[in-house]
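Worksheet for the structure shown next.
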Amino acid sequence: GITIVQLRKNRIVIATLLAKAGQGLPDDIVRVIKKVTGKNSFWVGTQEGGIALLRLNSIERPLWVNKSDRWQWGQVNDILPVSDTTAWVATESGYLLHVTVAKDSLIISPENIGKSIRKMVLGSTGTIWCTTQDGLTMVTAEFVSCIKLTAPYSLTNLTAMLCDSNNMLWFAEGESLY
């Protein structure tokens, strides 16, 4: 489960969330909790129950925006939050999932990488670096085009990519070459 601890007026307040108690958690074995930058929201990944998005307006009334139904992609090993409506999820079964919050459910777009993904890091160019049982795997902009990058980069406008003989990556966006 999840235990939330807050300090209020010099008193410690503790709340525990459990799946078995019907408190919205998809599974009591929580493997990953990742905070959404700038929000009071957390992506939660479990061993068998999949993922959920937790919004903490108050610890007395946590809001489970959505949780996955019929989870089939294996144990969640890591989550890369993009926002409080979008995240990338890496699983033990080798899937990289693009997850989007819809009104009544989570929309999950799976891509089988073929390797158990342990951890993920977002590079400054939008590339996701994944650690696997075989070492590092790079997931290119084809999968991460929805991640917003700071100007002047915008992966949604990517038209071409090339790696030169000096291992420099060149890419074209519209009429610009980087």
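Every read-out reported here was derived from the displayed coordinates using simple, explicitly stated rules and does not represent laboratory data. On a predicted model such as this, the values are computed, not experimentally measured, just so you know. So basically every Cβ, Gly included, is an ideal-geometry build from the backbone, and we count neighbours across all protein chains shown.
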If one computes P(r) from the Cα atoms of segment 70-140, what percent of pairs lie at distances over 21 Å? 20
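In square nanometres, what is the average projected area of the Cα convex hull of segment 1-58? Please list the in-between numbers first.
Details: hull surface 17.1 nm².
Seen from a random direction, the Cα hull of segment 1-58 projects 4.3 nm² on average.
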Arg11 versus Ser105: modelled label distance in nm, points set 7 Å from Cα along the beta carbon direction: 4.3
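At 20 °C and 1.002 mPa s, grab the translational diffusion coefficient of segment 1-133 from Stokes-Einstein with a Kirkwood Rh over Cα pairs, rounded to a whole number in µm² per second.
Details: Rh = 15.3 Å.
So the translational diffusion coefficient is about 140 µm²/s.
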Going by average Cβ density within 10 Å per residue, which order do the peptides 109-122, 37-50 take, highest to lowest? 37-50, 109-122
